[in-house]
1. Can you give the extra length, in nm with one decimal, that the chain gains between GLU337 and ASN356 once fully stretched, where that is 0.36 nm per residue apart less the Cα-Cα distance?
2. What residues have an amide H closer than 5 Å to that of GLY108, excluding those fewer than 5 places away on the same chain, when H is modeled at 1.01 Å from N in the peptide plane?
Amino acid sequence: MRRPESAARTVRLRRVALACALAALAAGCSSVQQAEERRIDYRSQAGQTAGLDVPPDLTRMSRDGRFQPTPSGTVSASTLATPAASSQPAAGTMAPTAVGDFRIERQGQQRWLVTSRNPEQLWEPVKAFWTERGFTLEVDNAQTGVMETGWAENRAKIPEDFIRRTIGRALDGLYSTGERDRFRTRLERIPGGGTEIFISHRGAQEVFTSAAQDRTGWQPRPSDPQLEAEFLTRLMVALGAPEPAARQAVNQAPERPPVAQVQPTGEISTLKLEEPFDRAWRRVALALDRSGFTVEDRDRAAGLFFVRYIDPATVAAKEDPGVLDRLLGRSRDPKIERYRLKLETSGTATVVTLQNAQGAEEAGPTARRILSLLATELR
C-alpha cells in the first residue's frame, strides 16, 4: 500500500508533468545542464519560506528575559575581529573533541558546540550563517539567546527524474518533496565564561487528511540528529574552523549513552537522569527544543522551565474536521496546555517532575505521556 506522503508527492508530480508538457509544446524542449548533486540545499526557497503555514507550530513564543544574564557593553566590528580572551571551560566527563577554541560535546544523539567566545560576539555571525543559507528567521531574540528559522524545503531531496533533467528546471518551483524543516539555535552563556550553542531540528511532512485523498495537511515528523550534526559542522566552519577538522570533531565526538528513565510512584511520575544538574539542564532544554514544546520562560536558579505544549493528535484533528463540526461551524483549534518542568538534584542524579501552570504536581497519564516523550528525546 502506498504511503500517504508518497501518494501526495505522486499527485504533485503528475500535475508537474502536465505543466511541463504544455511548456514544452509552447517553447520547445531545451537541454538544461544538470546541477551539481547536493545533499542540503535550502537556498532556493529563501523567498518562499516566510509565507509557509505549517500547523505543528501554531503559536509564537512570548519572550521574557528576566532570568537571562544582561549583556555587558556593545559589540562593534573591531570587537568581533579581536580574538576572545582564553577562558577554558571546565572539563566534563564526556571527553570533548576540540578544534581551536571550539569543542563538541555529545550525549546520546545530542551534540552541541562549546566555545570560549561570549554570546555578544557570536550572535550576528550565527544569524548571518542562517540567512546566507537560504533561511528566514521568524524568531531573532538576542536577549533570550534564541533564533529560529521559518519552515523551508531541502531541494536536494527532489529526485532527478527525466522530466526534471530536461524541461523541469524551467518550472522547478512546482516540484516539492512533501517535507519541511525548521531549526532553532540557542546560545547559552556559561557561568565561567564562554557559550554553548545548540541546534535543534523539527520536521513536518505532507500527508492525506481525508479518506478520498483529495486534501492534504502537514503533520510532525521525527527530528533528524544527523541533520543537526551537519549544521553544527557548517556553523563551525563559518565561525573559522577548518572544514576537515570540524567534520572530524562532530563525527567522532565520543558518545556516552545517557540514562533517562520514567519512574511511576503511585499517581505521580518522574523522569530520572543519571547525570548532574548542569548537564541535565542543558539536555532537557535541547529535548524541549526538538519536541512539540515551546519554552516561554526559564529560571535556572529554581530549576524551572515554563512551557506550553500542543498535542500532535489535536493538530491532525484540526486538519480534518468531522462533517458535523463543519456543518455547525464549530472550531477544533488545538488545545494549548501550559506546564512547568521542575529539575531537582537527587544525589548524583537529577529528577524531573511535571507541574501544572499553578505549580502543583501533575498526576496520571498526562504526566507519564509528556515525561515519556522527553525521555525518548533524551536517549
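1. 6.0 nm
2. Here ARG256 satisfy the definition.
Since every read-out is calculated from the coordinates, none of them should be taken as a lab result. Everything quoted here is computed from the prediction, not taken from an experiment.
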